[in-house]
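Readers should treat all values here as calculations from the given coordinates under stated rules, not as data from a laboratory. Please read these numbers as outputs of a predicted model, since none were measured by experiment. FYI the Cβ positions are ideal-geometry reconstructions off the backbone, even for glycines, and counts take in every protein chain you see.
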Amino acid sequence: MEYLNINFQARLGFFNSICVKRVAVFCLVGSVAITLSGCAGSLLSGSGPDYKSLIAATDSNQVDFEIVDLTPMTILPYMLMPAPVNQHLVQNQVLPLVMMPGDVLTVEIAETEASPKMFASLSSGGTQFENVRVTDQGEIDLPYVGSVKAQGLTPKHLSQKIKQSLMKTLPSVQVRVTLTNDVSSAVLVSGAIKNPGRYSPLKGPMTLADVIALAGGATAEPHLINVTVRSPGKVESFSYQDVLYGKNQLLSSRSEVVLQRNRESFIAMGAVGTPGLFDMPSSHSSLLQVLGVVGGLQQATADPSGVFIFRRAGFAADGKPIALVFRLDMSRPEAIMLASAFQVKPEDALYVTNAGIYEAQKIISPIVQMIILGNTVTGSN
C-alpha cells in the first residue's frame, strides 16, 4: 500500500506540473496574441496594411491622403450617376455612292425605236454589259461607246454621261448603270469583332451601328470596347457604348472601323473572396457590384469595418500626386445602400483588411501546434 501511495503521489505531481506548464503556455499565448494583434500588420505577412496602420498614418499626417468615411452625409459627391443619353440623332441624309477603281458595274443600253440599230429594243430588255470593271485609271470601256470616265460619278450621273455620248448617233436611247460589286467603296471592319471583313453599302446607307451588327458584334461588353472610325478627311474615336447611347453616325465609302479592347479594370486585394484584376462590370459600376464580382468579403477573415477604395485623383499645384481613400463600414445597417450608391472608377483598388482575431490566429496556430507536438513527444516517453 505504501508503494502504491508513493507511486500515485508521483504521478499526481507530474500531472500537476504538466497542467501548470500548459496554463502558463496558454497564458503566454493569450498575452502574445493580444499584444501582437494590434501590430500584426508589421510582423505578419499580408496583402496590404491593416486597419489600424491606415488610420494611424492618416492621423499622424505621414501620408498625402485622407480617408473619407462613406456615410449618408459624405457620399453625395461620389454617388453613382446614370449614364447620360446623347440626344443627337443620325443625320437624315444619304451619302452619295460614287464609282471608284475596282468597282464592278452592269450597264444596260436599250433603243426605243421599233428598228434598233446597235442595241436591243427597250421592249426586249435592251442589251446588258455585265462585269464592267472600273480600271485603275477610273474608266470603263463599252462597245460602241469607248472609254468613259467613271471615277467619282454616281450610277445616275454615269448613265447620263453614257447616254450623251450615244445620242450623237442614237437619239432615242436609254441607259441604266447598276453597281453590282463595290469592293473599293465598302467599309472595312476589323479588330475586336466577331466577323471582320468588308461590308458593302449597296443595300442602302450604312451607319456605324449597322456595320458592327453586320460583322457579328463586338467580342466584349460595349463599355469595354473603343471604336475608331477612319474616313476620308478625319479620324474619330469613342466608346462603343456611346454609339449605342446615341453617337451613331453615317459612314462614308472606304471608311475603316477598328474596334479595340479597352482594359477598364479594378484591383481587389485583401480579405475578399477572389483577389485579382477584374474588368469593370459596367460603365457605371457601384461598390456593391464590384464586391459581387470578387465574391464579397471573406466571412472568416475580413474586418467588415475595413473596406477601403484607393483612388488616384490627379496632381496638386506643387506637382505631388493626390490620392483619395474611401472607407465603408459594412457592419453598419446602411452599408448596403451606401455600397450600391458609391461609384467605383477604372483603376480603383479595393482593399479589405483582415480582422484582428484572424491576425491573432496567425500567431496562436503555430504555438498550439508546437504544444501538441511537445505533448505527443512527452507522452511517447
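Some values worked out for this structure:
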quantity	calculated
Single condition GLN137 does not satisfy, out of (1) of a type in the set (S, T, N, Q); (2) out of contact with any Lys or Arg (no Cβ under 7 Å at 6 or more places or on another chain); (3) within 30 Å of ARG261 (Cβ to Cβ)	(3)
Condition broken by THR135, with the remaining ones in (1) touching a Pro at 6+ places or on another chain (Cβ under 8 Å); (2) assigned to a helix (DSSP H, G or I); (3) not acidic (Asp, Glu) satisfied	(2)
Residues located in segment 317-357, provided they are in contact (Cβ under 8 Å) with a residue 60 or more places away in the chain, part of a loop (DSSP other than H, G, I, E, B) and farther than 29 Å from PRO82 by Cβ	LYS320, ALA355
Of residues in segment 122-168 being in contact with a helix residue (DSSP H, G or I) (Cβ under 9 Å, 6 or more places away or on another chain) and small (Gly, Ala, Ser), the one farthest from GLY102 (Cα to Cα)	GLY146
Which listed residue is more than 30 Å from ASN354 (Cβ to Cβ), of a type in the set (A, V, I, L, M) and surrounded by fewer than 16 Cβ atoms within 10 Å (Cβ to Cβ), from VAL235, VAL227	VAL235
